[in-house]
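Each remark here refers to the structure printed beneath this line.
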Amino acid sequence: MKQIYLDHSATTPMRSEVIELVYDLMKNHFGNPSSLHKIGDDARGYLQTARVQLAEALGAANTEEDEIYFTSGGTEADNLAILGLAEQVGKGHLMTSAVEHHAVLDTCKYLASHGFDLTVLPVDQYGMVDPDEVKKNLRPDTFLVSLIHANNEVGTINPVAQIGEILQEAEVAFHIDAVQSFGKIPVKVNEIKADMITVSSHKINGPKGVGALYKQHELQINRRVFGGGQERGLRSGTENLTGIAGFGLAAELSQKEMAKHAAYWQSLRDYLVERLLAEIPFSRLNGHPTERLPHNANVSFNYIEAEALLLHLALNGVCCSAGSACSSADGQPSHVLAAMGIAPEWAHGALRMTIGIGNTQEEMDATADLLKNKVDMLRLSSPYYDAKTGGSSGLKPKY
């Protein structure tokens, strides 16, 4: 059975160029970058090359020194940015939004439980933060606003440049979680006015287990990992050289090919969405219709549970995610969809399909055909769907 992979927001396959580089490093360049001998110098050269590649991809002002810090992934980078600055200031007020990845949202809630004041900003029906809400909630003791650039579930892109200007004028630090947007759309420091930016390797066809935090030179944050003083004292531990070098190359390649990939992915995404909305009754697109990542399609199908649909898709070789994946035993839908005001009966039927390198229009057709079949099948077994009228049976879902 041929597998159709439509879960590129979860992770991506490594590019062949990256695999070749990682293999060469594992075999021939095994040195510790901190060692003061020739083999260590050789390893350190690859480390610095990757740092420059990431800095250039982000438009950082200083590509050689102290603005790119490698971590174990996006989650650690988010934690380092938020907790590191909070510990530096000691107390005060911070803001985030209701649709953040849990790496940000849970970290901010942790600070709220330890004496910091937290404002969780609302979003509109598309999952977008209103810059006026940010401005309205600023206080004299506000030290940080942490927002996602593009939502990991519905793909909506926040107006970060406008928000960045507001925060720059107010002299409040701005952290952007760009794990989903980096490599898909431009993420440039000077354009979005960010003081810190989180990015991840395995979302752009690089190795897993490596991410990075861009930190503006003048901003001071506390370290979270103690030890040998690597990453200029901010993140100790022997560097994951193979992962870092692979990340650097993946970042460079993604920048070179971004425009071409984005246009192609968007054409496939739009084709798939148009088919689904036209051919499957009681379906809807979640997220902003235009201000969204080019590869993201989050579609809800009423009268079904997305988890059941996922199972049938997986059995037929289609890999994607349930946008309404429950995070607790109480059966509540995605916090993102709930914050957008999407009714539970729609949220529970949300499916996230994300396109990437290797996908084709033939795969979009196969996916659409399979979804039509399986949605019809599942609705026939639903007590809330009346097959005779093609609508509600009058029963109320127990959500």
| So is E307 outside the structural domain of V129 (by TED's automatic domain parsing), modelled with pLDDT of 95 or more, over 23 Å from S254 (Cβ atoms) and not in a loop (DSSP other than H, G, I, E, B) or not? | no
| message | When the residues of region 330-368 are narrowed to those that are among the charged types (D, E, K, R), surrounded by fewer than 21 Cβ atoms within 10 Å (Cβ to Cβ) and in contact (Cβ under 8 Å) with a residue 40 or more places away in the chain, which ends up nearest to V273 (Cα to Cα)? | response | D365
| Got a number for residues in region 34-78 being modelled with pLDDT under 90 and of a type in the set (V, I, T)? | 2
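Residue-wise test of (1) hydrophobic (A, V, I, L, M, F, W, C); (2) out of contact with any helix residue (DSSP H, G or I) (no Cβ under 6 Å at 6 or more places or on another chain).
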{"site": "V123", "(1), (2)": "yes, no"}
{"site": "E133", "(1), (2)": "no, yes"}
{"site": "I148", "(1), (2)": "yes, yes"}
{"site": "N152", "(1), (2)": "no, yes"}
{"site": "G155", "(1), (2)": "no, yes"}
{"site": "L167", "(1), (2)": "yes, yes"}
{"site": "V172", "(1), (2)": "yes, yes"}
{"site": "K188", "(1), (2)": "no, yes"}
{"site": "H202", "(1), (2)": "no, yes"}
| What is the number of the single condition among (1) in a loop (DSSP other than H, G, I, E, B); (2) under 17 Å from A60 (Cα atoms); (3) among the small types (G, A, S) that G206 does not meet? | (2)
| Flag for N222 being under 20 Å from G90 (Cβ atoms) and in contact with a Gly (Cβ under 6 Å, 6 or more places away or on another chain) | yes
| message | Which residue is surrounded by the fewest Cβ atoms within 10 Å (Cβ to Cβ), if the candidates are limited to region 106-140 and must be in contact (Cβ under 8 Å) with a residue 60 or more places away in the chain and more than 22 Å from A170 (Cα to Cα)? | response | Q125
| request: Check Y5, Y23 and return the single one that is over 29 Å from L219 (Cα atoms) and not assigned by TED's automatic domain parsing to the domain that holds V187. | output: Y5
| Which listed residue, of A81, A60, A50, is crowded, with 20+ Cβ neighbours inside 10 Å, small (G, A, S) and within 19 Å of the chain's Cα centre (by Cα) | A81
| message | Checking the conditions here, which among L213, L234 is surrounded by 24 or more Cβ atoms within 10 Å (Cβ to Cβ), in the same structural domain as H101 (by TED's automatic domain parsing), in contact (Cβ under 8 Å) with a residue 60 or more places away in the chain and in contact with a Phe, Trp or Tyr (Cβ under 6 Å, 6 or more places away or on another chain)? | response | L213
| note | Of those in region 141-161 that are assigned to a strand (DSSP E or B) and touching an Asp or Glu at 6+ places or on another chain (Cβ under 8 Å), the residue surrounded by the most Cβ atoms within 10 Å (Cβ to Cβ) is I148
| field | Condition check for G227: at pLDDT below 95, of a type outside the set (V, I, T) and either more than 22 Å from I148 (Cβ to Cβ) or not in a helix (DSSP H, G or I) (or both) | value | yes
| Residues satisfying the stated conditions in region 177-204, i.e. buried (at least 24 other Cβ atoms within 10 Å of the Cβ) and on the phi > 0 side of the Ramachandran plot | G183
| request: Could you identify the single residue in L253, L285, L219 that is surrounded by fewer than 23 Cβ atoms within 10 Å (Cβ to Cβ) and in a loop (DSSP other than H, G, I, E, B)? | output: L219
| field | Residues being of a type in the set (A, V, I, L, M) and not in a helix (DSSP H, G or I) - total across region 67-90 | value | 1
| query | What's the number of the condition S35 fails, among (1) touching a residue at least 24 places away in the same chain (Cβ under 8 Å); (2) in a loop (DSSP other than H, G, I, E, B); (3) surrounded by fewer than 23 Cβ atoms within 10 Å (Cβ to Cβ)? | reply | (1)
| task | Would you point out which residue out of T75, T71, T49, T12 is of a type in the set (S, T, Y) and farther than 26 Å from G228 by Cα? | result | T12
| Within region 162-197, how many residues are in a helix (DSSP H, G or I) and without any contact (Cβ under 8 Å) to a residue 60 or more places away in the chain? | 10
| note | Within region 230-261, of all residues that are among the small types (G, A, S) and more than 23 Å from the chain's Cα centre (by Cα), the one modelled with the highest pLDDT is G237
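The values are calculated or read from the model by the stated rules, or taken from the named source; none is laboratory data. Keep in mind the model is a prediction, meaning the values are calculated, not measured. Note that we place each Cβ from the backbone using ideal geometry, even for glycine, and neighbour counts take in every protein chain shown.
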